[in-house]
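Student: Quick one: the structure is below, and I'll ask about it shortly.
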Amino acid sequence: EDARARADRRREAMACCQCADGLAAWFKERNARRPPQKGKIIVLVGMRGAGKSTFAKVAGDCLQRQVLDLDHVLEEKVIQCKIKEFVDRNGWAEFRAKEAQLLKDVLQGAYIDDLAAGCIVATGGGVVETPSSVQLLKQHSPVVWIDRHIDDIMFCLEGDGAYRPGLGEPPRDIYKRRQPLYRECSDFVFAMRQGADNWDALTRRFQHFAKWADEGGGCEPASLVCVAIVATSVEGAISDIRDAAVEGAGLVELRLDKIAGGVQAVREGLPSLLSTALRYGLPALATFRARWEDASAGYDGPDGPRLEALRCAAQLGAYYVDVEHKAVADWNASGGMPPGSRATLVVSSHDFARTLDPEDLRALFRKMRDDAGRLGVVKIAQMPRTSCEAARVLALVPESTGGTVSLAMAEAGVFTRLLAPCFSRSRFTFACLQGRPSAPGQLTALEMTELLHLDRMSPETQVFGLLQPGTFSCRLAGVLNAGLAAASVAAVCLPIPLRGCTPTELLQSLPYGDLSKNSLVEDEAAAAIEVAESPSVDEVIDQAKRLWSRFIGGSDIGESALKAMRKAAMK
């Protein structure tokens, strides 16, 4: 939408945010969105070896669009020889001129079989070396930057063969020079973490990302893994949003109360924060927590200004807005969700001292459901003493009539975060970046996605629970999950800390309504498999094989699964 003027619009938004009247006018204009344009030409940019051609095919299959690789079109239709031959004979300058003209022609519809249906275009890595091409890309939308780590690009280029021309200078220097150009001309960034080599997971992520770019954002999250952003500055939060995307988050929670400088700093930073989340394909949950609700919150002022800031977030494009149960009356009295906003209200309650009795918990839940309405989300977080108390909180989800986030904190409640994708009414579950939790008991995003595979879970996924009465560890479950994924088994293994109760007591407390299709370990002998303090790779593989036999049955694991398990055990 309005792609040619997006840079001016960003500057205008930042200027308007300095005053309430200007901000309101900008909100109104921004939210007057045209219907999504069908048949878009989606352009992929990025370094050689980033995976543009591969991801273009993924997007083409996902969106049912023609795929054009500009390098192939150049060789077959324009220069009619291999690029290396043309560069050796005519030089890079002449090649760049041909490339720039081809890009212009394609964006005007050349070589596209059905312009109304749209197309996915994979460009050459050096297309941004030509100023006219950069200008063309800046005027086009959407443009997606495939941002792969330079170390992985280098590894890929080492086996590139002799069919491509030499780059003429070290790839790292080229990457450093091109980075700002890719950033300048792109609307969206598909960021990959260093060493990411699970192409099944990357393909799933990019399928969602292609839809996100095609629709200009606003899609449902790619997964339920919500990473809390707790940086104390806007610049730090922007960096953390990128890290969350790299680690496979499905959405981000913007803890606005953590931003230093109070409400004014938050209002000034909101356009940048939300546009960054949009750019990286992440729906945003806006939270401005009051200290009377959470002693660790960063805001201790009056509720009116922070609720107004949440309304600003809703108008700027936040996917969810969190309002505490005790503040809902003030929220509604001061206007509630602003007209034209597409944000969903999350009504939340947090108890960092205890877990309510079952009847009191249900009564609280019913009141919050009335506040949230049929389309809103109810979020309840409690502090359990035992795993059975944590299961009491999880039991609210299958009883719910709408979107729900029901979790127990601390280590005893870890499994409530992990089992969330098993329930059709769950909307998200919380994770953190390394060393930056927003609440007790949060696992990191990498643990949730890379080891425990929550990003591929659904209510149809079979769950094997590994009860752990001793030290909590994700390692063994992660090794088994790598094998299950490699063997295309629709199942995951999740570690479940056993605290203050027996396996039988916990299993009897778990809500089996939506878990009826899942198979949790039901006897203590099979469940309580101890993990050594520092097991060797072979020991972990042997333990994973034992679990495979118990969960899946049989001893024939398969070579691909064994290879994946060994690779995971060595990380």
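Every number in this text was worked out from the coordinates using simple rules, so none of it is lab data. All values reported here derive from a predicted model rather than from experimental measurement. With ideal geometry, Cβ positions are generated from the backbone for all residues, glycine too; neighbour counts draw on all protein chains shown.
Student: Can you pull the one-decimal nm distance between simple spin-label points at SER53 and GLU169, each 7 Å off the Cα toward Cβ?
Tutor: Modelled inter-label distance: 2.5 nm.
Student: Also, I was wondering about something else. Would you mind checking the tilt of helix 52-63 against the longest principal axis of the Cα atoms of the chain, expressed as 0 to 90 degrees and rounded to 10?
Tutor: 60 degrees
Student: I've got another one for you. Could you size up the charge dipole of the chain around its Cα centre, putting +1 on the beta carbon of Lys and Arg and -1 on that of Asp and Glu, and report it in debye to the nearest 20?
Tutor: Its charge dipole is roughly 1140 debye.
Student: Taking a cut-off of 15 Å between Cα atoms, list the aspartates and glutamates near LYS545, but don't count ones fewer than 8 places away on the same chain.
Tutor: Leaving aside aspartates and glutamates fewer than 8 places away in the same chain, those within reach of LYS545 are GLU530, ASP556, GLU559.
Student: With the Cα gyration tensor of the range 162-289 giving a ≥ b ≥ c as the square roots of its eigenvalues, does the rule (a/c under 1.5 for rounded; else a/b larger than b/c for prolate; else oblate) give rounded, prolate or oblate?
Tutor: prolate
Student: Take ARG385 and ALA363, extend 7 Å from each Cα along the Cα→Cβ direction, and tell me the distance between the two endpoints in nm.
Tutor: Here the modelled spin labels are 2.0 nm apart.
Student: For SER536 and LYS326, calculate 0.36 nm times their separation in residues minus their Cα-Cα distance, and state this gained length in nm to one decimal.
Tutor: Answer, rounded to one decimal: 70.5 nm.
Student: Shifting gears a bit: Place the peptides 133-139, 558-564, 238-244 in order of packing, highest mean first, counting for every residue the other Cβ atoms within 10 Å and averaging per peptide.
Tutor: Packing proxy ranking, top to bottom: 238-244, 133-139, 558-564.
Student: Measure nothing but the geometry: give the 0 to 90° angle between the long axis through the Cα atoms of 303-316 and the longest principal axis through the Cα atoms of the chain, rounded to 10°.
Tutor: Once rounded, one gets 40 degrees.
Student: Would you mind getting me the FRET efficiency between GLN108 and GLU268? Use the beta-carbon distance for r and R0 = 45 Å, nearest 0.05.
Tutor: It comes to 0.70.
Student: Which value in nm describes the separation of the simple spin-label points at GLN101 and LYS176, placed 7 Å from the Cα toward the beta carbon?
Tutor: About 3.5 nm, to one decimal.
Student: If the cut-off is 26 Å between C-alpha atoms, which lysines fall inside it for LYS176, apart from same-chain ones fewer than 8 positions away?
Tutor: LYS52, LYS84, LYS98, LYS104, LYS138
Student: Which FRET efficiency value, to the nearest 0.05, do you get for THR502 and ARG374 by plugging their Cβ-Cβ distance into 1/(1 + (r/R0)^6) with R0 = 35 Å?
Tutor: Given R0 = 35 Å and the Cβ-Cβ separation, E is 0.35.
Student: Mind checking which lysines have their Cα closer than 27 Å to the Cα of LYS367? Skip sequence neighbours fewer than 8 apart in that chain.
Tutor: Result set, ordered by chain and number: LYS326, LYS379.
Student: Which entry in (1) 157; (2) 222; (3) 239 matches volume of the Cα convex hull per residue in Å³ derived from the coordinates of this structure?
Tutor: Computed from these coordinates, volume of the Cα convex hull per residue in Å³ corresponds to label (1).
Student: Quote to one decimal, in nm, the extra length available between LYS567 and LYS77 on full extension: 0.36 nm per residue of separation minus the C-alpha distance between them.
Tutor: 172.1 nm
Student: Just going by the charge dipole of the chain, with Lys and Arg at +1 and Asp and Glu at -1 on Cβ, which of PRO384, SER233, SER424 is farthest out on the positive end?
Tutor: Value: SER233.
Student: I've got another one for you. Starting from the range 91-193, pick out the chymotrypsin sites (Phe, Trp or Tyr not before Pro) whose DSSP state is loop and whose Cβ has at most 14 other Cβ atoms within 10 Å.
Tutor: TYR163
Student: Compute the acute angle (0 to 90°) between the alpha-carbon long axis of helix 537-551 and the principal axis of greatest extent of the alpha-carbon atoms of the chain; round to the nearest 10°.
Tutor: Approximately 70 degrees, to the nearest ten.
Student: Which trypsin sites (Lys or Arg not before Pro) does the range 262-296 hold that lie in a coil by DSSP with at most 13 other beta carbons within 10 Å?
Tutor: Of the trypsin sites (Lys or Arg not before Pro), the ones in loops of the range 262-296 whose Cβ has at most 13 other Cβ atoms within 10 Å are ARG291.
Student: At 0.36 nm per residue, minus the direct Cα-Cα distance, what do GLU399 and TRP292 gain on full extension? Give it in nm, one decimal, please.
Tutor: Residue separation times 0.36 nm, minus the Cα-Cα distance, leaves 35.6 nm.
Student: In debye, nearest 20, what is the charge dipole magnitude of the range 334-399 about its Cα centre with +1 on Lys and Arg Cβ and -1 on Asp and Glu Cβ, if you could check?
Tutor: In total the dipole reaches around 200 debye.
Student: Mind putting a number on the dipole of the range 217-350 about its Cα centre? Charges go on the C-beta only, +1 for Lys and Arg and -1 for Asp and Glu, and I need it in Debye to the nearest 20.
Tutor: The calculated dipole for the range 217-350 is roughly 240 debye.
Student: Right, another one. Looking only at the range 99-139, which residues have a backbone nitrogen under 15 Å from a spot 7 Å from the Cα of LYS84 in the C-beta direction?
Tutor: Inside the label zone: nothing.
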